[in-house]
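Just below is one structure, and these are the notes that go with it.
The values are calculated or read from the model by the stated rules, or taken from the named source; none is laboratory data. Just so we're clear, the structure is a prediction, and the values are computed from it rather than from any experiment. Cβ coordinates were reconstructed from backbone atoms using ideal geometry, including for glycine residues, and neighbour counts include every protein chain displayed.
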Amino acid sequence: MPFISGFTIVRNAIKYDYPVVESILSILPLCDEFVVAVGKSEDETLDLIRSIHSDKLRIIETVWDESLRTGGKVLAAETNKAFDAISPDAQWAFYIQADEVLHEKYHATVLQAIAQHTDNLQVEGLLFHYTHFYGSYHYVADSRNWYRHEIRLIRNWKDIRSYRDAQGFRRNNRKLKVKLIDAHIYHYGWVKNPYQQQQRLKDLHAYWSDIEVPEQVQTSELYDYGTIDSVTLFNGTHPAVMKNRINSADWEVHLNPNVKKLSLKNRILAKVEQLTGKRLFEYKNYRLV
C-alpha cells in the first residue's frame, strides 16, 4: 500500500469548539504519519493536540501571518506549511480541516481508490462528497449555497498548493485532475453552541478582511440558526469518533425541514436540478478525469 500522510492546521480549537481531535482520529488509521500545524493560540490548543497518543503524530508550531487577511489567504499559507512538512516518502497526502470528519464506513473505499489510482499519474487528487451538518447533529444544509465536493487527497507533489482560503488545491495555478470517489466528508463547522458560533463569526473579519459581518452577528450574543434557507433531516449514523461529542452537546436547535427560504433564483435552479440532476453554474475548483 502506498505511504499516506495526513495533514491539517488548527488554531483556537477550544475557543471555537472545533472537533479537531475527532477529525484527526477519523483518518489516522489510514495514515502512516500525520502532521498538525498548530498556530499560536489564545487557548490550550497545543496541549489538546499533544493529548492524542499516537506515534504517527508530528506537531509543528506556527505563527499565523496577520497580513494575509484578504480572502482568508493565511489559511492557505498555513496549509502549505503542513503539506511541506510531510515525509518525502509519502505518495499521497490526506488533508482534513479541523471541523471535518471521515466516517469509518468509508475507510475501505478510500484505500481502494488510492490503490486503484496510484499508478495512474494523470490522477492528481481524489474528490469527496460533502455532508454539511447545520445547527445540530440532526440537520443537514441542502441548498445550493453549500459546496457538494472538494479535493481531500492529493499527490505529494510540491507544485500542488493550497488555493485561496485553503478550501481546495491547484497545481501551478491550474485545476487538479481528479477522480470522484464514493465517500463523504462530514462537515461540522456549523454545529456548535450558538454562543461559540457567534463568537467565531464575529472574529471572521480577522482573517477575511474583505467579508462584511452581518449586523445580526455584530449585535447579538447568540447565533440565530433559523436564518438557514433549507435543511433536511439526517437519517444516517455519525462517525464513531463523534459519539462523546454528540452525547455532550449542551444546546438544542429546532428547525423545520418543510420551511424553505430560497430566493427566486435558487428556487428556479433547484427545480432544474431536481428535473435534470444537473446543478447549473456550480463552482468547481477541479477537473474530473
Residues (out of contact with any helix residue (DSSP H, G or I) (no Cβ under 7 Å at 6 or more places or on another chain), outside any helix (DSSP H, G or I) and touching a residue at least 12 places away in the same chain (Cβ under 8 Å)) located in the stretch 37-57: Lys40, Ser41, Glu42, Asp43, Glu44, Ser51, Leu57
Checking Ala76 against (1) touching a helix residue (DSSP H, G or I) at 6+ places or on another chain (Cβ under 6 Å); (2) modelled with pLDDT of 95 or more, the condition it does not meet: (1)
Checked the stretch 149-165 for anything farther than 24 Å from Thr109 by Cβ and out of contact with any Gly (no Cβ under 7 Å at 6 or more places or on another chain); matches are Lys158, Asp159, Arg161, Ser162, Tyr163
Contact list, first residue from the stretch 100-127 and of a type in the set (Phe, Trp, Tyr), second anywhere and modelled with pLDDT of 95 or more and crowded, with 19+ Cβ neighbours inside 10 Å, beta-carbon distance below 6 Å, six or more apart or interchain, is Tyr106/Ala183
Select from the stretch 249-268 the residues that are touching a residue at least 12 places away in the same chain (Cβ under 8 Å) and closer than 28 Å to Gln196 by Cβ and list them in ascending order. Ala249, Asp250, Trp251, Glu252, Val253, Leu255, Pro257, Lys260, Lys261, Leu262
Among the numbered conditions (1) in contact (Cβ under 8 Å) with a residue 40 or more places away in the chain; (2) among the aliphatic types (A, V, I, L, M); (3) surrounded by fewer than 18 Cβ atoms within 10 Å (Cβ to Cβ); (4) in a strand (DSSP E or B), tell me where Met1 comes up short. (4)
Any residue at all in the stretch 51-69 that's touching a Ser or Thr at 6+ places or on another chain (Cβ under 7 Å), surrounded by fewer than 21 Cβ atoms within 10 Å (Cβ to Cβ), under 26 Å from Asp159 (Cβ atoms) and of a type in the set (S, T, N, Q)? no
Identity of the residue in the stretch 255-289, β-branched (Val, Ile, Thr) and assigned to a loop (DSSP other than H, G, I, E, B), that ends up nearest to the chain's Cα centre (by Cα): Val289
Might you check whether a residue that is β-branched (Val, Ile, Thr), under 17 Å from Ile14 (Cα atoms), touching a helix residue (DSSP H, G or I) at 6+ places or on another chain (Cβ under 7 Å) and buried (at least 19 other Cβ atoms within 10 Å of the Cβ) occurs anywhere in the stretch 104-116? no
Identify, please: which residue in the stretch 117-135 is surrounded by 14 or more Cβ atoms within 10 Å (Cβ to Cβ) and farther than 29 Å from Asn235 by Cβ and is, among those, nearest to the chain's Cα centre (by Cα)? Gly125
Unique residue being modelled with pLDDT of 95 or more and not in a strand (DSSP E or B) when the list is Ile60, Ile27: Ile27
